[in-house]
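All remarks here apply to the structure that follows.
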Amino acid sequence: MHDVRHGRAPRAMRYLATAAAVLLVVAGCGPLDRIGIGGGGDEQTTAPAAGDGTNVEGEATPPLAETGTSAAAELPQDPAGDAAYAAYYSQQVAWAPCDDSVDGPASLECGTVTVPKVWNDPSAGDLQIAVTRLPATGQKQGSLLTNPGGPGGSGVDFVAGSAQTLFSEEVRGAYDIVGFDPRGVSRSAGITCLDDAETDAYRAETFDLADPEGLQAAEDAFTELSAACEKNSGDLLPYLDTYSAARDLDVLRSAVGSEKLDYVGYSYGTYLGATYAEMYPERTGRFVLDGALDPRLTADDITRGQAEGFEEATSAFVESCLSQGSDGCPLTGSVEDGKEQLRAFFDSVDAQPLQTDDPNRPLTGALARSGLLVVLYNDENWPLGVQALNAAMTGDGSTLLFLADLSADREDDGTYSGNGTFAITAVNCLDHVGVADQQWQIDEAAAVAEEFPTWGPGFGFSQTMCDLWPAKPVREPAPISAAGSDLIVVIGTRGDPATPYDWAVGLDEQLENSTLITYEGEGHTAYGRSGGCVEAAVDAYLLSGTAPEEGLTCS
């Protein structure tokens, strides 16, 4: 679940990566930004659990980095029965009109829910989780909680900006649509690292990872970032793992008055949802997990899968561009010719950044890649990508810079409205672990760059970077079965590069009680943008509990 806030770098005799890209590739965006690209792959058979000396394809791998223990993972399954947690579970949200920082419909309401900062030590203090709801417009049957992805996506902004168009009139009639900012994100004790100007500089940097000096420079930059995050938010960094977020989600369930959690999760939100279902199967209600992450994957498995997915997405984008002819597309020749031209363009911008409307912010190679990735996330936005490329390849980088800033929540005044650029790292370095051996990381990064030359060179060294992070990983790759849960609906898109289709197949195979909906289309996630078939099946499930047809495929 590659975060579109981070640029990715191509290869032309060199391996390049932006400062942000050399972090974990595990990220994700659901329809928060309404963007996604193509990719996917063939179905795979059930794979062994990663972390046991094999990868998900059963191949031998070196040992993974050492992990610690989450403050939330080992609690009793039902902490509500413990007097130390009773106050958290007796809350009700005091809904009130939202303040001016939340831009949404007039009916939108906001509130907060209190959770322990350290789940196995409530005496360590509390956190306030920001929540918002779009009240049901008809006869209410419950609350539907949703997470847009990330990690680092604001669910408050997601519901405020997208719920009215994403969810059907029937679903909005029957449910309060409830969004929340997970711990450490935006309004929920959002971590801080760099100021706005420093964030601009961080996002613009590009390093040559194939060169030992370039890799060292990237490590130095990440060391500085880690130190800044530790200085400003070090007391919270160890407690932002998904086990802790799932505990928070159970308190949210109770605070909105639901006996079971009804939930729609996109991208990273599927990982959060599956984690909840594993911890609280008896409280798992109507669950939809769209753009699924396979929890058996190591960080390196995810890196490779996304590099392949984004490479295939670029092929689809270039093919679409070329179909317009020379009057509309700046690329020529075959698809491979077009991809080579795209890589050459990125290399040229690495060497000489382009002018933009802002004389103080030229378009660097890192920002150019981020800008293109934004439009690649949804084929409806491909024409905008062609337009931006046309302008950039004739010397004006303004549109690509605008798109790169859009992906990073950068406002016109230079401020950042969210902290996803840093929250993604904080969560992923806790949740996902890779191979510890540095030479293996170097060899694997080179192999990924060679196999997937447009984006692969910027994918890699996640464990190398997370070794420099102040908080160490607390979770190992492992299957999730959610034994005893109600039916869980998993959705996979054939052309999803950020969460490739195989990952949805894998999660569906692991879950004890699930069904898979396949969307034969391009882009990241499907529900709310696929055009009818997926939406009809999911809505019937959410409204009446009707299970989707087994093996349902939509196009």
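For the chain, what is the charge dipole size about the Cα centre, in debye to the nearest 20, if Lys and Arg each add +1 at the Cβ and Asp and Glu each add -1 at the Cβ? Could the numbers behind the result be given before it?
On the way: 29 positive and 86 negative charges, 216 e Å.
With Lys and Arg at +1 and Asp and Glu at -1, about 1040 debye.
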Item to check | Packing rank of 210-219, 178-187, where each peptide gets the mean count of other beta carbons within 10 Å, highest leading | outcome: 178-187, 210-219
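Could you tell me the calculated FRET efficiency between ALA84 and LYS472, based on Cβ-Cβ distance and R0 = 35 angstrom, to the nearest 0.05? List each step's numbers first, then the result.
On the way: r = 26 Å, r/R0 = 0.75.
According to the calculation, E is roughly 0.85.
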Checklist entry - In nm, to one decimal, how far is the GLN387 label point from the ALA536 one, both placed 7 Å along Cα→Cβ? => result 3.3 nm
Checklist outcome for this item: Given a Förster distance of 51 Å, the FRET efficiency implied by the Cβ-Cβ spacing of GLU450 and GLU66, rounded to the nearest 0.05, works out to 0.95
Item to check | Rg/Rh (Cα only; Kirkwood hydrodynamic radius) as it applies to segment 317-470 | outcome: 1.00
Next on the checklist: Just want the answer: with Cβ charges of +1 for Lys and Arg and -1 for Asp and Glu, which residue in ALA221, THR525, PRO182 is farthest toward the dipole's positive end in the chain?
Outcome noted: PRO182
Item to check | Signed unit charges on C-beta, dipole axis of segment 436-495, positive-most listed residue ILE488, PRO473, VAL448 | outcome: ILE488
Checklist entry - What accessible area, in Å² to the nearest ten, does a 1.4 Å probe give for THR137? => result 100 Å²
Checklist entry - When only the heavy atoms of the protein chains count and the probe is 1.4 Å, how do MET279, MET465 rank by accessible area, highest first? => result MET279, MET465
Item to check | Selected from SER348, PRO500, ALA197, residue furthest toward positive end of dipole (the chain; charges at beta carbon) | outcome: ALA197
Checklist entry - What is the spin-label model distance, in nm, from GLU411 to GLU549 if the labels are put 7 Å beyond Cα along the C-beta direction? => result 4.8 nm
Checklist entry - For GLN439 and SER348, what is the calculated FRET efficiency with R₀ set at 45 Å and r taken between the beta-carbons, to the nearest 0.05? => result 0.90
Checklist entry - Once the Cα gyration tensor of the chain is diagonalised, what are the square roots of 5 times its eigenvalues, in whole Å and ordered largest first, as equivalent ellipsoid semi-axes? => result 34, 26, 24
Checklist entry - Between SER481 and GLN355, 0.36 nm times their residue separation minus their Cα-Cα distance comes to what? => result 40.2 nm
Checklist entry - What 222 nm value per residue comes from the helices of the chain, counting each DSSP H run with n ≥ 4 as -39,500 (n - 2.57) and dividing by all residues, nearest 500 deg cm²/dmol? => result -11500 deg cm²/dmol
Item to check | Amide N of segment 169-196 lying under 16 Å from the label point, which is placed 7 angstrom from the Cα of LYS231 along Cα→Cβ | outcome: 192-196
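If you take the square roots of the eigenvalues of the alpha-carbon gyration tensor of segment 177-326 and sort them as a ≥ b ≥ c, do you get rounded (a/c under 1.5), prolate (a/b over b/c) or oblate?
Oblate is the answer for segment 177-326, as a/c is 1.5 or above yet b/c matches or exceeds a/b.
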Checklist entry - Once both labels are modelled 7 Å past Cα along the beta-carbon direction, what's the GLU74-GLU198 spacing in nm? => result 3.4 nm
Checklist entry - Can you count the Lys pairs in the chain whose Cα atoms are under 26 Å apart, with each pair 8 or more apart or on different chains? => result 5
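Taking 0.36 nm per residue of separation and subtracting the Cα-Cα distance, what length does fully extending GLN216 through ALA124 add? Mind showing how you got there, number by number?
On the way: separation 92, 0.36 × 92 = 33.12 nm, distance 3.75 nm.
This chain segment gains 29.4 nm when fully extended.
What is the packing order of peptides 360-366, 380-386, taking the mean over residues of other C-beta atoms within 10 Å and listing the highest first?
Top to bottom by mean Cβ count within 10 Å: 360-366, 380-386.
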Checklist entry - Quick one: helix 398-407 against the long Cα principal axis of the chain, what's the angle to the nearest 10°, folded into 0 to 90? => result 30 degrees
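The values are calculated or read from the model by the stated rules, or taken from the named source; none is laboratory data. Please read these numbers as outputs of a predicted model, since none were measured by experiment. For neighbour counting, all protein chains shown are included, and Cβ atoms are generated from backbone atoms with ideal geometry for every residue, glycine included. In case anyone asks, the SASA skips ligands and DNA or RNA and just uses the protein heavy atoms, side chains included. Shrake-Rupley method; radii C 1.70, N 1.55, O 1.52, S 1.80 Å.
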